[in-house]
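Structure first, then comments.
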Amino acid sequence: MERGIFGTTAADPRGLARRHVLAASAGFVSAPLIGGGGAGAAGRDGILIRPIPSSGECIPAIGLGTWVAFNVGTVEKLRRQRLEVLHTFFDLGGGLIDSSPMYGSSEEVVGWCLERLDDTAGLMAATKVWTRDEETGRGQIAESRRLWGIDTFDVMQVHNLLNWQGHLETLRAEKEAGRVRYIGVTTSHGSRHAAMERVMREAPIDFVQFTYNILDREVENHLLPLAAERGLGVIVNRPFRQKQLIDRLRRHPLPDWAADFDAANWPQFLLKFIISHPAVTCAIPATSRVDHMAENMGALRGRLPEPETRHRMVDYVEGL
């Protein structure tokens, strides 16, 4: 099995012919058109890529979260369903997969799936350390490598800022040793923003991860502008509020003007809102279904909403 990362160019290491077929079957727009406002650039095959500010390396703007969706234990039928999800993810241009020791069996299931995929050349492996002391944290990082079946993590983060000072020392040492490429910190559910701001101002990190979606927009006031100012990559979690937004919106028709930015369904509408913010590097929706994965990955293609359209999107959703 071939494994690797996206390089600094927009080269696509996987077979384009098969991806074109899958894209067509999912109703994707293949034109590499990007909206105004400096939201991003299209790589080969029209895939929307975003640069990591600390290096300039480009990654696909839609990744995959594994919270709940990949916590399926040893049940082989459920693991094989997740294997098909990952197969679709890579075939349609995905790169970053985010997990954590907090997510039950998710890391083990991700590693099981990666071992069975023929080609994971676009993989950008991201996980977290989640424990109160540094010694346990070092063992946890080693265990994550074993579970994923990889030697080097692309992104290693301190989960929910737990003992971030101590763990960032460990992560800097891991980075210097070449066992981690980028380091960062995370939070979720719109919490710990003051602490996150402190870390962003004080610590030498590459990434931050926090919650942002069309209704949870507090980070637009401080954290997203600060990330742009400090040159930090931004990974967005809970883009659908764990399906709450999808459940709320699917009772309503998608507005006709969503076609102006090539959104064919509500997941694409919501994801394109997020990744059209110029400070966002990657959004990581979680799913356990192949059809939902195909819908999500459709947000990697076509135009993005202009700034004035983003305001219209917010007004429309808040009015439903």
- Message: Taking the criterion of being open to solvent by 20 Å² or more (accessible area, probe 1.4 Å), in a loop (DSSP other than H, G, I, E, B) and within 25 Å of Thr66 (Cβ to Cβ), would at least one residue in segment 219-229 satisfy it?
- Response: no
- How many residues does segment 302-320 hold that are open to solvent by less than 10 Å² (accessible area, probe 1.4 Å) and in contact with an Asp or Glu (Cβ under 7 Å, 6 or more places away or on another chain)? 1
- Filter segment 160-185 for residues that are without any contact (Cβ under 8 Å) to a residue 24 or more places away in the chain and among the charged types (D, E, K, R); the one that is least open to solvent (accessible area, probe 1.4 Å) is Lys175
- Task: Output yes when any residue across segment 276-296 is over 26 Å from Gly46 (Cα atoms) and either part of a helix (DSSP H, G or I) or modelled with pLDDT of 95 or more (or both), and no when none is.
- Result: no
- Query: How do the pairs read when you match residues in segment 103-117 that are within 11 Å of Gly73 (Cα to Cα) with residues anywhere that are at pLDDT 95 or above and surrounded by fewer than 17 Cβ atoms within 10 Å (Cβ to Cβ), using Cβ under 7 Å and keeping only pairs 6 or more apart or on different chains?
  - Reply: Ser105/Gly73
- Specify which of the listed residues (Asp262, Asp256) is out of contact with any strand residue (DSSP E or B) (no Cβ under 9 Å at 6 or more places or on another chain), open to solvent by 10 Å² or more (accessible area, probe 1.4 Å) and in contact (Cβ under 8 Å) with a residue 24 or more places away in the chain. Asp262
- Sole exception among (1) touching a residue at least 40 places away in the same chain (Cβ under 8 Å); (2) touching a Gly at 6+ places or on another chain (Cβ under 6 Å) for Ile205, by number: (1)
- Note on the structure: Given the conditions (1) in a helix (DSSP H, G or I); (2) among the aliphatic types (A, V, I, L, M); (3) at pLDDT below 50, every one holds for Val29 apart from (1)
- With respect to Gly190, is the statement that it is of a type in the set (Gly, Ala, Ser) and at pLDDT 95 or above true? no
- Query: Does Leu245 qualify as being assigned to a helix (DSSP H, G or I), touching a helix residue (DSSP H, G or I) at 6+ places or on another chain (Cβ under 9 Å) and surrounded by 20 or more Cβ atoms within 10 Å (Cβ to Cβ)?
  - Reply: yes
- Message: Just checking, does segment 230-240 include any residue being in contact with a helix residue (DSSP H, G or I) (Cβ under 8 Å, 6 or more places away or on another chain), open to solvent by 50 Å² or more (accessible area, probe 1.4 Å) and modelled with pLDDT of 95 or more?
- Response: yes
- Task: Mind checking which strands (runs of 3 or more DSSP E) fall wholly inside segment 52-145 and carry at least 3 residues that are open to solvent by less than 20 Å² (accessible area, probe 1.4 Å) and of a type outside the set (Asp, Glu)?
- Result: 124-129
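The values are calculated or read from the model by the stated rules, or taken from the named source; none is laboratory data. It should be emphasised that the depicted structure is a prediction, and the values quoted were computed from it without experimental measurement. Positions of Cβ are generated from backbone atoms using ideal geometry, with glycine treated the same way; all protein chains shown enter the neighbour counts. For accessibility, only protein heavy atoms count, side chains too; no ligands or nucleic acids. Shrake-Rupley method; radii C 1.70, N 1.55, O 1.52, S 1.80 Å.
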